[in-house]
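Written below as structure tokens is the structure these notes are about.
The values are calculated or read from the model by the stated rules, or taken from the named source; none is laboratory data. What you see is a predicted model; the values in this text were computed from it and never measured. A quick note on method: Cβ atoms are made from the backbone with ideal geometry, for glycine too, and the neighbour counts reach across all protein chains shown. Remember, those area values only see protein heavy atoms, side chains included, never the ligands or the DNA or RNA. Shrake-Rupley method; radii C 1.70, N 1.55, O 1.52, S 1.80 Å.
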Amino acid sequence: MSSPTLSLRRLALVAAAAAVAVTSFAPAGAATPTARPAGSEIKWGSCPTGAPAPQQCATLRVPLDYRHPHSRTIAIEISRIPAADPAKRKGILMTNGGGPSASLDVPTALGGLLPAEVRNSYDLVAFDPRGIGYSTPISCGRDADDLVRDLQYGILSFPAADGSIDANVAYAKRMAEQCAARSGLMLQHLTTANVARDMDQIRRALGERTVSYYGISWGTYVGSTYRALFPQTIDRMVIDSSVDPNERGYADFQAFSGAMEDRWPDLAAFGVANADTVHLGSTARQVRKNYLALTAALDRKPVKLAETKAPINGNFVRMFTWQLSYSDASLMGSAAPMAQLWRAAGNVAAGRATDGDRAFLAGLANGLVEHGTLANVPQDNLFSAGWAYSCGDKAWPRDVRTYARNVAADRAANPLMGGAPANVAPCSAWAVRPAGPEPVVKETGKRNVLILQNERDPSTPLRTAQGMRRAMGADSVLVTVDAGGHGVVVHPRPSACAMGALEAYLTVGELPAQDLACR
């Protein structure tokens, strides 16, 4: 999981109604539609997101519960951009933009990032995963004001300045109760395995014998789960910025602390290069020391701004430093977003904030919620669905003392994240327990997986990609890039070496003979 809200759609942003969730089900006792038979016609039209042509969208109905496939169905919104050169078309490239979050516009987002020969060769196909965006969205009943005020609980669960998690425990219980009350029926069926099953319904509806696949972040788990369940239908698979399929749930979140430490040298170098702007020091050691002092100062004396309901404290700076670190676009020059964040935070802490400083900080918080909201979708949907999938895939610890111990240890070992990745979350009190074990990602005997990974990824670190590589064994090849940020394909300066490996594999089926390090 890249974070509950961060996805390919969110990466682009960083670089620069509740009833729907329930009443879209057929009422009990009423006649219910059945899943679309394989190969039947899909009615393509415009997209609810407003994405421009050539992207098209359509609605497919799939079983809510695959254990009872002829019972209730839900709507899955799908999208495609046809292959640019029909004469070279090889099939479809199913895509997922991570998150868990909305992925409907991933074909448009990827269109300008993939090599031309890949675009010539494949229809780009995507869909909003069940419960997200325009695919029968869930809600936990929170409005925009709630989301902004609770950002430091709702994206990651940041402890108090003294390390206490009491407020986090209360928030986790309240959110678990609200989610169960508002979307309980859907919560039972929000799992990555069911998303993979929905993918196969899409494949059948499109009349394709096999699919190829590109997924980033959580999308790597979607793809590897699909391959585990339907090994005969995967042609070529590229997974970018990979999770470890054997470290899910709570362990998935805990990886963020070490990942941020991996990324920090790039941020420290940025601080040194822009010392006259960000005022954190002229050496890497000074930048780290002064950054930690800044967050500590704002912990001791948080600031309230009239322009936002989000408190400006140490956790605010930690959270947005982490989020902005996902893309090197946030580190390009003295006017880059990271420079503005650090400078504005320093000015606020010193009591000399300008109107521009206040506007920038308020814009980060308010804009994150604004850009995480889709028209005619519950406002909290993209902020609630990430927790729902983590809770649904794997049970989290229930004992609050586990989190208290781990937060204390994490704060000492990895101070950049303030203990948030080890903290309690709604999954600790989730009303629905996972229905069964997750599918096992393992070798299938077919060598058809290319894993791309930046070495200094703040979300899915190199070691989780190595975990995916171990799980897939001889079926896979790992290509690492000497770069920071989350996402190889979406990097503002993509590696020619890695992109060449992707193009060679997707167009002519050539995988590197062995693992490859791109320098």
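At-a-glance table
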quantity: Answer residue from the stretch 112-162, given it is out of contact with any Ser or Thr (no Cβ under 6 Å at 6 or more places or on another chain) and acidic (Asp, Glu) and is most open to solvent (accessible area, probe 1.4 Å) among those; calculated: Asp162
quantity: Qualifying positions in the stretch 163-186 - open to solvent by 10 Å² or more (accessible area, probe 1.4 Å) and either under 11 Å from Val432 (Cα atoms) or of a type in the set (Asp, Glu) (or both); calculated: Asp166, Glu177, Ala180, Gly184, Leu185
quantity: Search result, residues across the stretch 275-286 that are of a type in the set (A, V, I, L, M, F, W, C) and either open to solvent by 50 Å² or more (accessible area, probe 1.4 Å) or in a helix (DSSP H, G or I) (or both); calculated: Ala275, Val278, Ala284
quantity: Count - residues of the stretch 175-193 that are farther than 10 Å from Ser384 by Cβ, assigned to a helix (DSSP H, G or I) and among the polar types (S, T, N, Q); calculated: 1
quantity: Single condition Asp198 does not satisfy, out of (1) among the charged types (D, E, K, R); (2) open to solvent by 20 Å² or more (accessible area, probe 1.4 Å); (3) within 27 Å of Gly97 (Cβ to Cβ); calculated: (2)
quantity: Inter-residue pairs, beta-carbon under 8 Å, first under 20 Å from Gly184 (Cα atoms) and in the stretch 56-78, second open to solvent by less than 20 Å² (accessible area, probe 1.4 Å) and acidic (Asp, Glu), 6+ apart; calculated: Val62/Asp198; Ile76/Asp128; Ile76/Asp198
quantity: Search result, residues across the stretch 53-70 that are farther than 17 Å from Val125 by Cβ and part of a loop (DSSP other than H, G, I, E, B); calculated: Leu64, Asp65, Tyr66, Arg67, His68, Pro69, His70
quantity: Residue check for Thr507: modelled with pLDDT of 95 or more, among the hydroxyl-bearing types (Ser, Thr, Tyr) and within 20 Å of Trp264 (Cα to Cα); calculated: no
quantity: Test: residue in the stretch 204-218 that is crowded, with 23+ Cβ neighbours inside 10 Å and in a helix (DSSP H, G or I); calculated: yes
quantity: In the stretch 231-246, the residues that are crowded, with 19+ Cβ neighbours inside 10 Å and either in contact with a strand residue (DSSP E or B) (Cβ under 6 Å, 6 or more places away or on another chain) or in a loop (DSSP other than H, G, I, E, B) (or both); calculated: Arg236, Met237, Val238, Ile239, Asp240, Ser241, Ser242, Val243, Asp244, Pro245
quantity: Hits in the stretch 447-472 (condition: open to solvent by 10 Å² or more (accessible area, probe 1.4 Å), assigned to a helix (DSSP H, G or I) and farther than 25 Å from Ala269 by Cα); calculated: Gln466, Arg469, Arg470, Ala471
quantity: Test result for Ala109, in a strand (DSSP E or B) and either open to solvent by 10 Å² or more (accessible area, probe 1.4 Å) or among the aliphatic types (A, V, I, L, M) (or both); calculated: no
quantity: Residue in the stretch 409-422 that is small (Gly, Ala, Ser), open to solvent by less than 10 Å² (accessible area, probe 1.4 Å), part of a helix (DSSP H, G or I) and under 30 Å from Asp162 (Cα atoms) present; calculated: yes
quantity: Lone qualifier among Ala429, Ala422, Ala388 - being of a type in the set (A, V, I, L, M), more than 23 Å from Ile216 (Cβ to Cβ) and in contact with a Ser or Thr (Cβ under 8 Å, 6 or more places away or on another chain); calculated: Ala422
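Residue-by-condition table, conditions (1) small (Gly, Ala, Ser); (2) closer than 26 Å to Val424 by Cβ; (3) outside any helix (DSSP H, G or I):
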residue: Arg248; (1), (2), (3): no, yes, yes
residue: Gly271; (1), (2), (3): yes, no, no
residue: Arg288; (1), (2), (3): no, no, no
residue: Lys309; (1), (2), (3): no, yes, yes
residue: Ala335; (1), (2), (3): yes, no, yes
